[in-house]
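Worksheet for the structure shown next.
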C-alpha cells in the first residue's frame with residue numbers, strides 16, 4: 001500500500017481566496033484521489049486523477065499530478081466558508097486489492 | 001440510492017464490553033471496507049470484503065476485532081473486550097469493482113463514533 005502525506009497540515013484563508021494543498025507519496029501509483037471530510041462526518045470523494053493524467057478539473061477544483069516528483073496538488077479557487085473541512089489524498093495501485101491509503105489530511109478553514 | 005449508512009452513529013461503552021456496528025452499503029456495490037479514524041489522523045484501513053468474502057485484513061485488526069458480511073450485503077464489525085484505545089470513529093465505505101479495477105471510487109458512510117470509558 002502507498003501513503004499520501006498532505007501539506008500543509010492546516011490552512012487558514014479568507015473567503016474568495018484560493019487554497020492549495022499538496023500531497024506527496026512514496027512509490028508508484030495508478031491513481032490518486034482527493035476526499036473532503038467535514039467535522040465528525042464521513043469522507044466525500046472529490047476527484048480521481050489517473051497516473052497518466054497531469055491535470056483535472058471539477059468545478060472550482062483543480063488537481064495536478066506529477067509522477068516524477070510523486071506529488072499532487074489540489075487547488076480550490078474562490079473559496080467559500082462551506083469549503084471549511086479536512087482534505088485527504090489517497091493513493092492506490094493496480095490489482096484486485098484496491099486499498100487506498102490516506103494521509104493525515106490538511107485542515108482548511110475559510111473565514112467569511 | 002440512499003448512500004452508505006452506518007448504525008449506530010454513536011456508541012458509549014465501558015471497557016471490557018463487546019460492541020457491534022453495522023454498515024449498509026450502496027445496494028449494487030460489491031466491495032465493502034472498514035476503516036478506523038482517530039482525531040487528527042486519516043482513515044486507517046482495517047479490512048475489506050468482495051461480496052461475502054473477506055479478502056484482506058490489516059495488522060491493526062487484532063483478535064478482538066471480527067467483521068462479517070454474511071450475504072454480501074450489509075456488514076458488521078464486532079469488537080470484543082473493548083479497550084480505551086479502541087475509541088475512534090469507525091468508517092465504512094463501499095465501491096463497485098469489476099474485474100481488475102484500479103479506478104474505483106469509495107463512498108463513505110457517516111461513521112460510528114465509539115467512546116470506551
(Q) I want the antiparallel fraction of DSSP beta bridges within chain A, as a percent rounded to 5. (A) 90 percent
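How crowded by other chains is A:31-37, given as the mean number of beta carbons from other chains within 10 Å of each beta carbon?
Other-chain Cβ atoms within 10 Å of each residue's Cβ, averaged: 3.
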Q. Label points 7 Å out from Cα along the Cβ direction at residue B:7 and residue A:52: separation in nm?
A. 4.5 nm
Q) Using alpha-carbon pairs under 8 Å, 6+ residues apart, how would you state the relative contact order of region A:1-94 in percent? A) 39 percent
Q: Could you work out how far the C-alpha centroid of region B:46-90 sits from that of region A:41-112, in angstrom?
A: 27 Å
Q: Would you order A:66, B:86 from fewest to most other beta-carbon atoms within 10 Å of each residue's own beta-carbon?
A: A:66, B:86
Q: Over the Cα atoms of region A:7-105, compute the convex hull volume and normalise it per residue, giving Å³.
A: 100 Å³
Q: Be a star and scan region A:11-43 for residues whose amide nitrogen sits under 18 Å from the point 7 Å along the Cα-to-Cβ vector of residue A:111.
A: A:11-20
Q | Rg/Rg_ref, the protein assembly as shown, where Rg_ref = 2.2 N^0.38 Å and atoms are Cα | A | 1.01
(Q) Using a 10 Å cut-off around each Cβ of peptide A:105-111, what is the average number of partner chain Cβ atoms that fall inside? (A) 1
Q. What FRET efficiency comes out for the pair residue B:15/residue B:96, r = Cβ-Cβ distance, R0 = 30 Å, nearest 0.05?
A. 0.20
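Can you give the extra length, in nm with one decimal, that the chain gains between residue A:64 and residue A:44 once fully stretched, where that is 0.36 nm per residue apart less the Cα-Cα distance?
Fully extending the segment from residue A:64 to residue A:44 adds 5.3 nm.
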Q: Determine, from the Cβ-Cβ distance of residue A:9 and residue B:83 and an R0 of 35 Å, the FRET efficiency 1/(1 + (r/R0)^6), rounded to the nearest 0.05.
A: 0.80
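Every number in this text was worked out from the coordinates using simple rules, so none of it is lab data. Being a predicted model, the structure only gives us computed values, none of them experimental. All Cβ positions, glycine included, derive from the backbone under ideal geometry; neighbour counts span all protein chains shown.
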